[in-house]
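Working notes, beginning with the structure itself.
The values are calculated or read from the model by the stated rules, or taken from the named source; none is laboratory data. The structure displayed is predicted, hence computed values, not measured ones. Here the Cβ positions follow ideal geometry from the backbone for every residue, glycine too, while neighbour counts run over all protein chains shown.
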Amino acid sequence: MDPINFVILASILFAIGSAAVLLRRNAIIAFMGVELMLNAANLALVAFSRIHGEIDGQIMAFFVLVVAAAEVVVGLAIIIAVFRARQTISLDEPAELKG
Amino acid sequence: MLDLTWLLIAVPLASSFVLLLAGKRANPWGHWLGVAASGTAFLVGLLAFIQMLGLDEHDRSHAVHLFSWIPGGELNLDAGLLVDPLSMTFVLLVTFVGTLIHIYSVAYMEHDPDRRRFFAYLNLFVAAMLLLVLADSYLLLFVGWEGVGLASYLLIGFWNHKPEYATAANKAFVVNRVGDIGLILAMGLMFAYLGGLDFQTVFAAAPEATTAQLTAIGLMLLVAACGKSAQFPLQSWLGDAMAGPTPVSALIHAATMVTAGVYLIVRSAPVFEGAPAAQTTVAAIGAFTLILGAVIGMAKDDIKKALAASTMSQIGYMMLAAGLGPIGYAFAIFHLVTHGFFKAGMFLGAGSVMHGMSDQVDMRRFGALRTAMVTTWVTFGLGWLAILGVPPFSGFWSKDKIIEAAFVGEGAQPWILGGAALIGAGLTAFYMSRLFFMTFHGKARWTDGQHPHESPALMTVPMIILAVGSAFLGLFLAMGDRFSTWLEPVTGHAEHHEPVLPVPVIMVATLLLVAAGAWFAWRKYGAADVPETAPAASLATIAARNDMFQDSVNRGVFERPGTHLTRTLVYADAALVDGAVDKTAHGFARTGESVRKTQNGQVRSYALTMLVGLVIVILVVVQGGL
């Protein structure tokens, strides 16, 4: 199979993920979108690694996995903290920084 | 004693500070402290004078070094005093007349709650005036110059609860500022052209400077002198300055401060020697002002304002003499001294009249006071004879010499200057006689409830002393040319020049004009009845009553255009400078306002922005082929 298909799949996944972040109000769903975008990036990295026959992309993918794990921990903690403070996880609710 | 001359300035200055700082506690004795300070200054001056008399003529110029004042690169200036016959003359005049007027003021200001403050200002004036005449550099002179200006301002506005008096003080201050600019510019030019500000450096460098440079300096000095001495075109403040208490008018605005301009010109003789054009201007301004003042004096009904116009006119004589060069310097100072006596005496007489007439100043409401106030009448009469130049009284000896000197020269100049001086003598006789007859002779035209009475001894004794001076000082100083010889170390020896007319002719013409002026005044104001209100009069009289419309001229020529100019500038400032700044600031504010809307606090819209931005960056990178 042509590895370019993986890149196309990665693009579709990234688009779905960003759409979830942009369109959904629910923080958990948006968070899932973020994860989806990260994994789309991983997929693209691995696909590029395959296309170019170099190992760099796969190494980078591992770094992304680690960072994503840490990001999940921090992100979920923030969501819980926000929920405790406001009894809501809507992304539009906290708008104190409105200029 | 000559080294102790700094006491002359220090004692009145210290007394002034004590009086100002001590507050109400000093009320019971403050005025006597003021008199004592002035008297001490006179004693110091007298002792220094006696010591100076004992010195050889060439050693009479004595420099007193006080302290290093401005030690700096090119301008190295020490504060020091110059005691020479010229400054000594002023010291004696200022302290002697000043002390008499202090004594007079004790009684004159008796019922004023602020008498202590009055004496503080008077002492301040004496200190500043002595600093002015004793300074050995133009800069130190300027300190005294400003000091007397300040004292004059404070004393004109002494009764500043009356708005018009406060305005008069402001007017004097503002007009004097114009003159001060002249002195500042003169000092700048001296520093640039002559390399220093102390008299020694300036006078030593003056002969090497070009005529144009000296003329510029001379004209600037003349502007300064015009401001301080109320000479045309800066004369407008003197009439209003009569708002001050009468002793102030006598001391500051007749005898001493207003003569500072004459002192400045005579002191700067070496500068004027090299600038004949500036010298001629001085003489011309003097001649013009002496006529102008005399004409104004003829129409004034306010006794103090008439005397003020007379002061202006007499200082015109002094300026005229000072502008004639070495032949006139000694006579200018001589007339200054005799004028100091008779004019101060007459002002004190006017104060005495006002004292007895409940502060009435309108001469049309006086009349027949000779019986009610005999001492005032006699002392004023001696001053009157002196200013008329009737021999053998003081004014004759000084004024006649000036008229003679004005007739010396070539071409048209002696005829113009001499003619002005001669006519001025006739006009002086008319307006002074008018004043004298309207006040002391004729029928009583007093307002109801007036009980004129003679003033107390504290007031009459100074008047008597000044009257004696008015009568005999001129003769005493003129005998054997005592005064000219005394001033010779400063003014230089003047070669004798023959006037264009023989001296006896000038003298007889002067006396005839004086007699005619006095006779006209007697006909109109002594023998005939004087109307109680000013009658309708010709255009010339109206002009003279209004000081030749000097205020209207100043308003039209300087104030209005000045106001318009400042308004235009203010508008331009608001529209252009402020406008540019404001518009820029508004632009930024509006930009910020529009950018602010993107900061809506919505996380998801931030995310969208980031995404769009990212896409744009990628597109740019890809398109750019990077």
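Tabulated results
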{"quantity": "Criterion violated by residue B:80 - all others in (1) surrounded by 14 or more Cβ atoms within 10 Å (Cβ to Cβ); (2) without any contact (Cβ under 8 Å) to a residue 12 or more places away in the chain satisfied", "calculated": "(2)"}
{"quantity": "Any chance residue B:70 is outside the structural domain of residue B:473 (by TED's automatic domain parsing) and over 30 Å from residue B:188 (Cα atoms)", "calculated": "no"}
{"quantity": "Breaking point among (1) within 14 Å of chain B (Cβ to nearest Cβ); (2) closer than 22 Å to residue B:603 by Cα; (3) assigned to a helix (DSSP H, G or I); (4) not polar (S, T, N, Q), for residue A:35", "calculated": "(1)"}
{"quantity": "Answer residue from region B:311-354, given it is over 16 Å from residue B:226 (Cβ atoms) and outside any helix (DSSP H, G or I) and is modelled with the lowest pLDDT among those", "calculated": "B:325"}
{"quantity": "Test for residue B:149: is it under 20 Å from residue B:78 (Cβ atoms) and at pLDDT 90 or above", "calculated": "no"}
{"quantity": "Tabulated pairs, region B:598-617, first under 17 Å from residue A:17 (Cβ atoms), second at pLDDT 90 or above and exposed (fewer than 12 other Cβ atoms within 10 Å of the Cβ), C-beta under 6 angstrom, 6+ apart or interchain", "calculated": "none"}
{"quantity": "Filter result (of a type in the set (D, E, K, R) and exposed (fewer than 12 other Cβ atoms within 10 Å of the Cβ)) within region A:90-99", "calculated": "A:96, A:98"}
{"quantity": "Unmet requirement for residue B:384, which otherwise passes all of (1) in a helix (DSSP H, G or I); (2) surrounded by fewer than 24 Cβ atoms within 10 Å (Cβ to Cβ)", "calculated": "(2)"}
{"quantity": "Residues (farther than 20 Å from residue B:612 by Cβ and in a helix (DSSP H, G or I)) located in region A:14-32", "calculated": "A:27, A:28, A:29, A:31, A:32"}
{"quantity": "Filtered residues of region A:52-89 (kept if exposed (fewer than 13 other Cβ atoms within 10 Å of the Cβ), over 16 Å from residue A:34 (Cα atoms) and within 14 Å of another protein chain (Cβ to nearest Cβ))", "calculated": "A:86"}
{"quantity": "Filter result (over 20 Å from residue B:508 (Cβ atoms) and acidic (Asp, Glu)) within region B:378-433", "calculated": "B:410"}
{"quantity": "Counted residues, region A:20-32 - those being among the aliphatic types (A, V, I, L, M) and more than 10 Å from chain B (Cβ to nearest Cβ)", "calculated": "4"}
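This table checks each residue for (1) within 14 Å of chain A (Cβ to nearest Cβ); (2) under 19 Å from residue A:93 (Cα atoms).
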| site | (1), (2) |
| --- | --- |
| B:574 | no, no |
| B:593 | yes, no |
| B:604 | yes, yes |
| B:615 | yes, no |
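Rundown of residues vs (1) polar (S, T, N, Q); (2) surrounded by fewer than 15 Cβ atoms within 10 Å (Cβ to Cβ); (3) assigned to a helix (DSSP H, G or I); (4) not assigned by TED's automatic domain parsing to the domain that holds residue B:373, yes/no style:
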| site | (1), (2), (3), (4) |
| --- | --- |
| B:421 | no, no, yes, no |
| B:426 | no, no, yes, no |
| B:429 | no, no, yes, no |
| B:437 | no, no, yes, no |
| B:447 | yes, yes, no, no |
| B:459 | no, no, yes, no |
| B:479 | no, yes, yes, no |
| B:484 | yes, no, yes, no |
